[in-house]
Amino acid sequence: MEIREFVETLDREGRSLVAAAEKAGVDAKVATCAGWQVKDLVRHTGMVHRWATAFVAEGHTSYHPDGGLPDLDGDELLTWFREGHRLLVDTLAGASPDVRCWSFLPAPSPLTFWARRQAHETTVHRVDAESALGGEPAAVPPDFAVDGIDELLRGFHAREKSRVRTEEPRVLRVRATDRPDAVWTVRLSSEPPQSERGVHATADTDEDTDENVDCELAGPAARLYLALWNRVPFPSVTGAASLATLWREKSGITWS
């Protein structure tokens, strides 16, 4: 996906998030985030938006701490969110493609990283906000969901911080059933997971081979995306269900 597409998604999803928050009310419980009310979700996402904006707008080339959560509630909180979201969208849309600043996952450029990361951050939290309304949240576009799965598996969980580990080597397959090319092989061990797009190819052939897979997590891309972010159950688990449980218990990305 192009930077422009990520920024457009960020714009749309942020507006949908705050609309759902306003409709649900800031005291409503967030069904997908145990222990959170809508006000917690809005404070967190708004803080992240301002944090991301600072890197691009101010050109910080090393880690820079966030500004903390605001002591705001009700309409003032929603206004504060809208202002920060608009500032982030405008900053990313107007930034030079070669802007230099800190980022924390591999990407073609820092601007690509921040546009992509904030688009996915906001989309997942938009789903959270809509969960406070009851019913089914608006669908995530399949191609965007595939990109998000790739970011999660090959970005976040390639880092030393990942706690998705096993004592003995295991192989996890992640497959989006509505996108033929959207399959990942995730090798688990006592080290951070090693994920690659596609099935394993042996050294003797260029053809893909279905190596011994201990567990496969599969389903439509949009549902699988949310499941891997621990928002909904996995659509399908084949093989060792203990690996699906491991993912549920250890894969959470926390703010620190």
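The values are calculated or read from the model by the stated rules, or taken from the named source; none is laboratory data. Here the structure is a predicted model, which is why all the values come from computation and not from measurement. FYI the Cβ positions are ideal-geometry reconstructions off the backbone, even for glycines, and counts take in every protein chain you see. Note: areas computed on protein heavy atoms with side chains; ligands, DNA, RNA excluded. Shrake-Rupley method; radii C 1.70, N 1.55, O 1.52, S 1.80 Å.
A few comments on the model shown:
- Within region 138-165, the set of residues being over 25 Å from Ile3 (Cα atoms), touching a residue at least 40 places away in the same chain (Cβ under 8 Å) and open to solvent by 20 Å² or more (accessible area, probe 1.4 Å) comprises Arg163, Arg165.
- Count of residues meeting criterion [without any contact (Cβ under 8 Å) to a residue 24 or more places away in the chain and either more than 15 Å from Asp214 (Cβ to Cβ) or buried (at least 18 other Cβ atoms within 10 Å of the Cβ) (or both)] in region 166-186: 3
- Evaluation of Arg15 against (1) over 24 Å from Thr91 (Cα atoms); (2) open to solvent by 80 Å² or more (accessible area, probe 1.4 Å) (one fails), failing number: (1)
- Cross-chain or 6+ apart pairs with Cβ under 6 Å, region 55-66 first and closer than 16 Å to Asp98 by Cβ, then modelled with pLDDT of 95 or more and open to solvent by 80 Å² or more (accessible area, probe 1.4 Å): none
- If you check Glu121, Glu168, Glu130 for being more than 15 Å from the chain's Cα centre (by Cα) and outside any loop (DSSP other than H, G, I, E, B), only one passes: Glu130.
- Subset tally (residues that are open to solvent by 10 Å² or more (accessible area, probe 1.4 Å) and among the β-branched types (Val, Ile, Thr)) for region 25-52: 2
- In region 53-80, residue farthest from Ala115 (Cα to Cα) [restricted to those that are of a type in the set (D, E, K, R) and open to solvent by less than 70 Å² (accessible area, probe 1.4 Å)]: Asp73
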